Amino acid sequence: MSPLQVFPPRSALNAFSLPCLPDMRAPNLFYSSPQQAPPRLSSTRGNRGFTLVELIIVLGIILMILGFTAPAVVGILRGRKVEQALSVVSDVLERARIEAVTQNTYLWTGFLNVPPADSVSGQDELWILTFKSKTGESRISSPASILPYGPLRRVEGSSLVNKDKLPDNLSSLMKEGSSDFNAESVSSKALKWAGAGSSGAKNFDRLILSTPRGEALIETGNTDMPPPQAYLWFGLSKTSQGSVAPNEKDCAALSVSGLTGRVLVVRP
C-alpha cells in the first residue's frame, strides 16, 4: 500500500457497502406519475337522479309509517285533554289568588261549560275568565260593575263535571268537608262577557271569589260575604255533548283550599 493512499480501494468499498434504504423523500403531490393516480369512478350512475319508480316506493314507505303511527299520536293528544284542563284551571286560580293578595283587591274567576254549537272548535269547551270590580269593592252590585281581568282561557274537549260523574277510584279521593263546585247553585249575578266573537255574549254564573286574604270562596251573588269552605272540588273530564262517556279514563280533579286558595291536583 502506497503511503499516499488514504482511501481503500473501490473493490473494498463495494464489498462492505450498506444495504439500500427505502426512499424517504415525500411524494410529489403536484407531479404524481400516472401509475399512482387513483382510479376514476364512472359518472354514469353518480349523475343520475331518482327514477319515478324509486320516488313512488319511498313515498309509499312514508305513508305506510304514518298510517301505523297516526292512531297512536291521536290517542296521545286525546289523552291530554284533561291534562290541559288541569294546567289551565290551576294556573288561573293560582294567579287570581296571588293578584288578589298582592293588589289587595277582590277577583272573581268565572267558569262556563260551552256546548259544541257555541264553541270555537266545534266540541265541548271549558271557558275560564277572571273579572275585577271597577271600584275594587268586595261585592257584585251589578254585572255592569265588573270588568274582565286577563284573557279568556279555553280548554277543548273537557268540562266541569259533578263528582258522581267521575270514576269511583277518583271520587273517593274527595276530602271530607269538600264542596262539589259544579254541583253548587249558580250565582244569582252572572258576569256577562261579550268578547266571544260570533258565539255572542256569555254569562259566567259559576264563580270563585279570591279575597285579599287568599281565600277561595264560592260566589253566590248575595249581599253577604260567602263563608269559606274547607275545600272546593273541581271535577274535570273529557266530554262529548256535555256527557261523560261510560268508563271514561281521561278525568281528574282539583282540590282547592277555601282558607288559603292553594290548589292540589287529584288523580286516581
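The values are calculated or read from the model by the stated rules, or taken from the named source; none is laboratory data. Because the structure is predicted, anything quoted here is derived from the model rather than measured. All Cβ positions, glycine included, derive from the backbone under ideal geometry; neighbour counts span all protein chains shown.
The residues of segment 150-182 that are at negative phi, assigned to a loop (DSSP other than H, G, I, E, B), out of contact with any Cys (no Cβ under 8 Å at 6 or more places or on another chain) and surrounded by fewer than 18 Cβ atoms within 10 Å (Cβ to Cβ), listed by number, are 151, 152, 162, 172, 173, 175, 176. Just checking, does segment 188-204 include any residue being more than 19 Å from residue 114 (Cα to Cα), modelled with pLDDT of 90 or more and surrounded by 13 or more Cβ atoms within 10 Å (Cβ to Cβ)? There is no residue in segment 188-204 that is more than 19 Å from residue 114 (Cα to Cα), modelled with pLDDT of 90 or more and surrounded by 13 or more Cβ atoms within 10 Å (Cβ to Cβ). Looking at segment 209-225, can you tell me whether even one residue there is over 29 Å from the mean Cα position of the chain (by Cα) and free of Cβ contacts under 8 Å to residues at least 24 places away in the same chain? Yes: segment 209-225 contains one or more residues that are over 29 Å from the mean Cα position of the chain (by Cα) and free of Cβ contacts under 8 Å to residues at least 24 places away in the same chain. Checked against the criterion of being in a strand (DSSP E or B) and surrounded by fewer than 16 Cβ atoms within 10 Å (Cβ to Cβ), the candidates 147, 129 yield just one match: 147. When segment 85-135 is filtered for residues that are acidic (Asp, Glu) and out of contact with any Phe, Trp or Tyr (no Cβ under 8 Å at 6 or more places or on another chain), the ones remaining, listed by number, are 91, 94, 118, 124, 125.
Here's the yes/no breakdown for (1) in contact (Cβ under 8 Å) with a residue 40 or more places away in the chain; (2) not β-branched (Val, Ile, Thr):
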{"site": "122", "(1), (2)": "no, yes"}
{"site": "128", "(1), (2)": "yes, no"}
{"site": "136", "(1), (2)": "no, yes"}
{"site": "143", "(1), (2)": "yes, yes"}
{"site": "149", "(1), (2)": "yes, yes"}
{"site": "166", "(1), (2)": "yes, yes"}
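Mind checking which residues of segment 206-252 are surrounded by fewer than 21 Cβ atoms within 10 Å (Cβ to Cβ), among the charged types (D, E, K, R) and over 21 Å from residue 95 (Cβ atoms)? Correct list: 224, 248, 249, 250.
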